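Notes follow once the structure below has been shown.
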Amino acid sequence: MTTYTTNHAPTVLHTHSWRTAQNSAPHLLPYIKPTSRILDIGCGPGSITVDFASLASSGHITGIEYVSDPLDEAQSLADARGVKNVTFQVGDIHSLDFEDDTFDIVHVHQVLQHISDPVKALSEMRRVVKKGGIVAARESGSFSWYPSNKGIESWLSLTTTIASAKGGNPHPGKKIHIWAKEAGFELDRIQRSTGSWCFSSPEEREYWGEGMARRMKDSGLAEQCLDGGFASQQELEGIAKGWREWVGDEEGWFGVLHGQMLCWK
């Protein structure tokens, strides 16, 4: 049931490793207690997960991924930071291997857009969170950039097309609360908000733009584009060129607007 359009290649993990609890889960931070027991679904290389473990120093964090590929890196990050109250394992968001009412918080970040049945996933998340606990989600909603760039325009069109073709729900930030309501949460117990990323400094443009450019060559996304006939090699190279032109423009700016929600059971 997973429709993830890329894989966990080094170019992808490099991008994901930049994410922290501070820059990617600010809506949740005030509710994390030292004793919180947290499930982080779609943990990737563990950068957000390990931050949660540091904040819930007397609690425990479980990070799961649908494949084992990134979990060694996640564990290495925890070991390097001396964090002991975290475990990583393979798991399926549609059928969580935990008892009812297990966690204080269940968290996803940029995950619901990559699965075919987000309502079923949120129902499972609701099942395993305790009464009075929180299910937290954050998903991209829209993108903005400067200056105009044909390569980036093609990137957005291509990634949206392939995600939709594979059964995903690209950039659903504006409607995640609707899925939560369908999963059983009462609307007046769903707190909705927005968050954002902005990449404008030379270092930020290099991180974001070069990462996206490299994905056009060395990632599962590139493979699926070519194998599925979604784009030619020349088109992928044109997208990469556009990203690198943007990286080199000192006036370049790229923003991501996210939809966020906290759902109380």
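The values are calculated or read from the model by the stated rules, or taken from the named source; none is laboratory data. Bear in mind that the values here come from a model prediction, so they are computed numbers and not experimental data. All Cβ positions, glycine included, derive from the backbone under ideal geometry; neighbour counts span all protein chains shown. With ligands, DNA and RNA removed, areas are computed over all heavy atoms of the protein, side chains included. Shrake-Rupley method; radii C 1.70, N 1.55, O 1.52, S 1.80 Å.
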(request) Report, to the nearest 10°, how far helix 71-80 tilts away from the longest principal axis of the Cα atoms in the chain, using its own Cα long axis and a range of 0 to 90°. (result) 70 degrees
(message) Only Cα pairs within less than 10 Å get springs; with that Gaussian network setup on the chain, which residue of 132, 141, 209 has the largest fluctuation?
(response) 132
(message) Which one, 246, 193, 222, projects farthest toward the positive side of the charge dipole computed for segment 188-265 from Cβ point charges (K/R +1, D/E -1)?
(response) 193
(request) Please give the net charge around residue 208, taking every other residue with its beta carbon less than 14 angstrom from that of residue 208, where Lys and Arg add +1 and Asp and Glu add -1. (result) -1
(message) Which entries of 174/265; 84/166; 166/241; 174/241 have Cα-Cα distances beyond 28 Å here?
(response) 84/166; 174/241
(message) With θ taken as phi - 60° and the coefficients 6.51, -1.76 and 1.60, list the Karplus ³J(HN,Hα) couplings across segment 27-33 in order, rounded to whole Hz; mark glycine and proline as x.
(response) 5, 9, 3, x, 9, 7, 9
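Averaged per residue, what accessible area in Å² does segment 95-193 show with a 1.4 Å probe, protein chains only?
44 Å²
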(request) State to the nearest 20 debye the size of the charge dipole of the chain about its Cα centre, where the only charges are +1 on K and R beta carbons and -1 on D and E beta carbons. (result) 840 debye
(request) Starting from 0 in steps of 5 Å, tell me what percent of the Cα-Cα pairs of the chain lands in each bin. (result) 1, 6, 13, 17, 19, 17, 12, 8, 5, 1, 0
(request) Kindly rank 118-131, 50-63 from highest to lowest mean number of other beta carbons found within 10 Å of each residue. (result) 50-63, 118-131
(request) Of the options 89, 136, 76, report the single residue whose Cα projects farthest towards the positive end of the charge dipole of segment 48-176 (beta-carbon charges: Lys, Arg +1; Asp, Glu -1). (result) 136
(request) List the pair-distance distribution P(r) of segment 56-192, using every Cα-Cα distance, as the percent of pairs falling in each 5 Å bin from 0 up to the bin containing the longest distance, rounded to whole percents. (result) 2, 9, 15, 18, 17, 15, 12, 8, 3, 1, 0
(request) With +1 on each Lys and Arg Cβ and -1 on each Asp and Glu Cβ, and nothing else charged, work out how big the dipole of segment 143-190 is about its Cα centre, in Debye to the nearest 20. (result) 100 debye
(message) Accessible area of segment 38-188 with a 1.4 Å probe: how many percent of it is carbon plus sulfur?
(response) 47 percent
